[in-house]
Amino acid sequence: MRTPAQIREQLSLVAGRQVELAETEAWLASATARELLRIDHYARQARYPVPLLGQAKDWKLGNTTPVVAALASMHPDGRLREQAVRVLCTLEGAVSDRALAVRVTDHVEVVRELAEEEVLRRTTLAQAERIVPLLQRISQRGRGSQVHARYLQALVAAHDETSVWACLRNFDDFDVRRSAFRHSFETGLLGSADAVRLLPRERDQVVRRKLIQVIAETATPEVIAETLLRGRSAESRVLGLVKLTAAQLDPVAVEELLVDRSVLVRLWARLRWQEMGRDPVEVYAAVARSAAKPAVRARAYAGLAEIRAEVDRAEIVELARSADLALKKTGLSLLRGKAVAAEVPWLLREMAGEDSRVARLAGDVLSSSPQLWSLADLAVLKESEDVVVQRRGWWLHRSLGGWEAVIADLESGAFRDRLELPMYFRPTAAQQRRIADLLDALSLSGVPVSGIAFAAGLPT
């Protein structure tokens, strides 16, 4: 979508005849409903000494083309817009249809009535595809808001209701498709069987959510289990587990969902598994130590962590040192608060690695146990030639909080414009010396040096 400046520039070029009419016609025909209304808004703004589309007297509409009439219908001059609409009523095509639909929200009554009368006559399905998206957006406004409902009634009168709404459900415009699906289910044009048929191929998340909701509320338990529990989206699997009781669920299906990719699915699967009188810990422990795929084993370990089951530290370290990325991430997540001093060098090497997620998890392990390492240990990160690794070192230093966070900010220079100073305690003597050295050595343009020195108890 173009910015306001780009729209104004394009309109100025059009008024100056610096672009081909064919290019302008393609622009107006391909713009989304939202963008076309924005084009009309900026074209009609009269705050400039000369309108973007030039003086009204310079427009000649005799024997004109649809694109010229469409542009004239966006001019700030109301008389020219009225003339342009009368011309558009005699012309056919995409640009004419869309320009007339825009004018049903015009603030001049005669222009608005002319446009509405003509739009309500253009009721072929091809014309509807061009007109309905604009009318739907206009329906949220004050002027012209009633035309959308009238136009839909005219469409149904010209065709049958089933074919009209089936056509609307196939539109490219997301807003029209979504409202068409909502209306179709509310009025009974579509039912549960249609939702089951359409769900596997649907890509729009909003429509897919509606299909899932219809299936969950109206389908039989067998259909819900077959369609939702095996659905691609976590939302469908969760809703399937919510709607079905433990007695209606197949234990095999629930056992598979215990190691689902979604945390929420795993939660509901555990609830239903326990209602069946079974222990999820047994399943997780068996899968975690099985020959299953590493990703599945990693989710089993995650499940153990979610139910706070104990995992041996040696097993966690083995996972964290695994060559498989999924197991490594899970192991590092479980290692928080359980690391020992001997593992600090290895964790710092992980922080300097290429995988940003692994580096962040290793940093979380170190930040959760600050007593295991010293600031000198961070030199391997801070002195790296890689800027990204340096930032990880500053981040870990900053995780200590208090005046150490201020020192880290001063050293890195990354937060000089928004330093947060501790309010209720002074730095230690060693911290005061470090802050004084940094304030003397660094060029802190724009930073309130005196305020930092005062808060740290240094001579200002």
- [ ] Considering the convex hull of the alpha carbon atoms of segment 1-159, report its projected area averaged over all viewing directions, in nm², one decimal.
- [x] 8.7
Task: 25 °C / 0.890 mPa s Stokes-Einstein diffusion coefficient of segment 105-180, Kirkwood radius on C-alpha pairs, µm²/s - done: 195
TODO: Go through segment 374-439 and name the GluC sites (Glu not before Pro) that are in a DSSP coil and have 12 or fewer other Cβ atoms within 10 Å of their Cβ.
DONE: GLU383, GLU385, GLU420
TODO: Using label points projected 7 Å from each Cα along Cα→Cβ, tell me how many nm separate THR245 and ALA453, to one decimal.
DONE: 7.6
- [ ] Could you compute the FRET efficiency for GLN274 and ALA376, with r as their C-beta to C-beta distance and R0 at 51 Å, rounded to 0.05?
- [x] 0.55
Open item on the list: So, for the chain, what is the accessible surface per residue at a probe of 1.4 Å, expressed in square angstrom?
Closed with: 51
TODO: Round to the nearest 0.05 the FRET efficiency obtained for ARG391 and PHE425 when R0 = 22 Å and r is the Cβ-Cβ distance.
DONE: 0.20
Task: Estimated D of the chain in µm² per second, where Rh is the Kirkwood radius over Cα pairs and Stokes-Einstein applies at 20 °C, 1.002 mPa s - done: 75
Task: Whole-Hz ³J(HN,Hα) from phi, Karplus 6.51 cos²θ - 1.76 cosθ + 1.60, for segment 341-357, glycine and proline x - done: 4, 5, 8, 4, x, 5, 5, 5, 5, 5, 5, 8, x, 7, 7, 5, 5
Task: Stretch gain in nm, segment GLU217-GLU92, where the contour uses 0.36 nm per residue and the Cα spacing is subtracted - done: 40.4 nm
TODO: Please report, as a whole percent, how much of the solvent-accessible surface of segment 1-159 comes from carbon and sulfur atoms (probe radius 1.4 Å).
DONE: 48
TODO: Please give the contour-minus-distance gain from ALA56 to ALA305: 0.36 nm per residue of separation, less the Cα-Cα distance, rounded to one decimal in nm.
DONE: 82.4 nm
Open item on the list: Just to make sure I understand: if all protein chains stay in place, what is the order of LYS382, LYS293, LYS338 by accessible area at 1.4 Å, largest first?
Closed with: LYS293, LYS338, LYS382
TODO: Mind giving me the nanometre distance, one decimal, between the label points for ARG209 and GLU354, set 7 Å out from Cα along Cα→Cβ?
DONE: 3.9
- [ ] Could you rank THR245, THR90 by how accessible they are, 1.4 Å probe, largest area first?
- [x] THR90, THR245
- [ ] Determine ³J(HN,Hα), in whole Hz, for all residues of segment 281-297 in sequence, where each value follows from phi through the Karplus function 6.51 cos²θ - 1.76 cosθ + 1.60 and θ = phi - 60°; x replaces Gly and Pro.
- [x] 4, 4, 5, 4, 5, 5, 5, 4, 9, 9, 9, 5, 4, x, 5, 5, 4
- [ ] Give, in nm to one decimal, the length gained when the segment between ALA291 and GLU383 is fully stretched (0.36 nm per residue of separation minus the Cα-Cα distance).
- [x] 28.9 nm
TODO: Using Cα pairs closer than 8 Å and at least 6 residues apart in sequence, work out the relative contact order for the chain, in percent.
DONE: 5
Task: Under 27 Å from the Cα of LYS382 - lysines, other chains or at least 8 residues apart - done: LYS328, LYS329, LYS338
TODO: From largest accessible area down, sort ARG38, ARG433; use a 1.4 Å probe on the protein chains.
DONE: ARG433, ARG38
TODO: Compute, for TYR42, the solvent-accessible surface of its heavy atoms (probe 1.4 Å) with the complete set of protein chains present, and express it in square angstrom to the nearest 10.
DONE: 30
TODO: Tell me the trypsin sites (Lys or Arg not before Pro) within segment 274-327 that lie in a loop according to DSSP and have at most 15 other beta-carbon atoms within 10 Å.
DONE: ARG289, ARG308, ARG321
- [ ] Please state, as a whole number in µm²/s, the translational diffusion coefficient that the Stokes-Einstein equation yields for segment 164-244 at 25 °C and 0.890 mPa s, with Rh defined as the Kirkwood radius across alpha carbon pairs.
- [x] 194
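The values are calculated or read from the model by the stated rules, or taken from the named source; none is laboratory data. Worth saying up front: this structure is predicted, and the values here are computed from it rather than measured. Cβ: placed from backbone, ideal geometry, glycine included. Neighbour counts: every protein chain shown. With ligands, DNA and RNA removed, areas are computed over all heavy atoms of the protein, side chains included. Shrake-Rupley method; radii C 1.70, N 1.55, O 1.52, S 1.80 Å.
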